[in-house]
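What follows is a single structure, written as structure tokens, with notes after it.
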Amino acid sequence: MSTKSLLFKRVIVVALSVVDSDRANKFYAETLGLPPAYEDKEQVGYLIGETILMLKSDSDQSPVQNPNPRVTIETDDARETEKALRARGVVISDPVEIYDRTHAVGSFLDSEGNKIWFCSYIGAA
């Protein structure tokens, strides 16, 4: 059975759950020496090559209770990717929405229930 490619391009974001944001930021910036990653003028994480490592703080849940890392895959068109995934019977856990006025973002569940995010750039606001 031949299927059309979903046109996944690369992993652009990995988000990690952290308990102590200050401690985690010090570790990634100072201990590991990772350069900061920015969206507009706001620091959103750290760069590992071209991939952004985001630190997500949830004071109510430990990383074990809120599993991560969160992986985000860049696509050419998130809306078309969502349609193609649905056509293949894939569960869409978060329908595509606009994030930060410049990206379309959604997520799906893999066969094991892991949430995989995907996004596409839609232009400057």
With a cut-off of 8 Å between alpha carbons and a minimum separation of six or more residues, what is the relative contact order of the chain in percent? 25
For the peptides 88-95, 29-36, 50-57, what is the packing order when you average, over each peptide's residues, the other Cβ atoms within 10 Å and list the highest mean first? 50-57, 88-95, 29-36
Per DSSP helix of 4 or more residues, -39500 (n - 2.57); summed, then divided by the residues of the chain. What does that give at 222 nm, rounded to the nearest 500? -3500 deg cm²/dmol
Can you list residues whose amide H is under 5 Å from Ile48's amide H, if they're 5+ apart or on another chain and H is modeled 1.01 Å from N? Leu53
Residues of segment 36-53 with amide N under 13 Å of a point placed 7 Å along Cα→Cβ from Arg101: 40-41
Which label in (1) 30, 20, 9; (2) 21, 16, 15; (3) 28, 18, 13 gives the computed semi-axes √(5λ) of the Cα gyration tensor in Å: (3)
Apply the Karplus parameterisation 6.51 cos²θ - 1.76 cosθ + 1.60, with θ equal to phi minus 60°, to every residue of segment 16-31 and state each ³J(HN,Hα) to the nearest whole Hz, in sequence, with x for glycine and proline. 10, 6, 10, 8, 10, 4, 4, 4, 5, 4, 4, 4, 6, 7, 8, 5
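None of the figures in this text is laboratory data; all of them are computed from the coordinates on show. Computed from a predicted model, the values in this text were never measured in an experiment. Don't worry about glycine lacking a Cβ; one is built from the backbone with ideal geometry, like all the others, and counts go over all protein chains shown.
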